[in-house]
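Any read-out appearing in this document is the output of simple, stated calculations on the displayed coordinates, not a laboratory observation. Computed from a predicted structure; not experimentally measured. Every residue, glycine as well, gets a Cβ built from its backbone with ideal geometry; the counts of neighbours run over all protein chains shown.
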Amino acid sequence: MAKQEASPIRNVSDTALWVAIYRAQESERPDALFHDPYARRLGGARGQAIVESMPHGRDLAWSLVVRVTVMDEVILRCVRNGVRGVLNLAAGLDARPYRLELPPDLLWLHVDMPDMVDYFRGHMAQETPRCRLEFIPADLRDAQRRREVFARAAQHGPLLVITEGLLIYLETEDVAALARDLHDVAGARWWLSDLASPALLRFLAGNWGRAVQQGNAPFRFGPREGTAFFAPHGWREAEFHSTWDEAWRLKRTPRLAWLWRILGWLQPRKREAGRRMSSIVLMQSDTTETETRGARA
């Protein structure tokens, strides 16, 4: 019997090293969609090893590049429209406070597991953020600690929450609890996240499933109802960005994308399912909507 190779991923935090290398590779292109001068340093040799050892690791970078680019655009627009605080959950190696053009009085709360916060701060110690940046070590699975962090963030609204690359690793009930606390405790106005579908979970399981499962980072959350999942917890869809559509706009399509596009034209129902397979969504609190109606009355 052939010996089963160990997963290159040891835990969920290792996925931040993996994604950092994708950001580095994009930044080094002559036609880069964004520039993250810290990504190569942050991802390090281990991040590079993960990319090279994952099945089709390089080929599937396009979706992560699209996600980062679209989220950059949405964050900057939200800040221009009045957001004064950003709550970045499971922030990993996100260097946006250092690389985006942000107002100096914006408060950015970088929240992650203590070891991950220490790693990031150690590698960025000589750099200066463009806004007010605070690091908060916290295990978000601890409900009491999570609510303490959210209560702190609530003091700095209007608040935008970011959960980039987080929800897919959570159980359904944990996402529901997070959604309720972001609404009721943090009082967040906006919530920016990537969102998987059941179809995407099946696709990822076929490509990376074994590696992430062995590394204690299995893909879990991909609600069949899409953003409607969040409605009972106080959130509605404000913007929907199909990863597929954005890939064409940004000219970062996967190999054979032209063939899939032709097949989509021939099968409209499957084309729409493909558009919703993976997305970046901006959700708005129903409290914000109520406040807006009240102001207009």
note: segment 61-127, Cα-Cα separations exceeding 17 Å make up a percent value of 47
Expressed in nm to one decimal, what extension gain is obtained for the pair Glu52 and Asp286 from 0.36 nm per residue of sequence separation less their Cα-Cα distance?
79.9 nm
Applied in sequence order to segment 164-172, the curve 6.51 cos²θ - 1.76 cosθ + 1.60 (Karplus, θ = phi - 60°) yields integer Hz couplings, x standing for Gly and Pro, of 7, x, 9, 4, 4, 8, 9, 6, 4
Gain in length, Ala45 to Glu237, computed as 0.36 nm per residue apart minus the alpha-carbon separation, to one decimal in nm?
65.3 nm
Amide H within-cut-off set for Leu170, under 5 Å, with H built and near neighbours excluded:
Arg220, Phe221
Return the long-range amide H neighbours of Gly165 (sequence gap of 5 or more, or a different chain), with a cut-off of under 5 Å between placed amide H atoms.
Asp194
Sticking with the crude label model, points 7 Å out along Cα→Cβ, report the distance from Ala199 to Asp105 in nm, one decimal please.
4.6
Extended-chain gain in nm, criterion 0.36 nm per residue less alpha-carbon gap, Asp72 and Lys251:
62.8 nm
Given H placed 1.01 Å from N in the peptide plane, which residues other than close sequence neighbours of Met113 have an amide H under 5 Å from its amide H?
Ala138
Diffing segment 196-202: the Karplus 3J(HN,Hα) column from phi (6.51, -1.76, 1.60, θ = phi - 60°), in whole Hz with x for Gly and Pro, holds 8, 10, x, 5, 5, 4, 5
May I ask you to evaluate 6.51 cos²θ - 1.76 cosθ + 1.60, the Karplus curve with θ = phi - 60°, for each residue of segment 60-65 and list the ³J(HN,Hα) values in order in whole Hz, giving x for glycine and proline?
9, 5, 3, 5, 5, 5
Order by protection proxy (mean Cβ within 10 Å, highest first), peptides 111-117, 74-80
111-117, 74-80
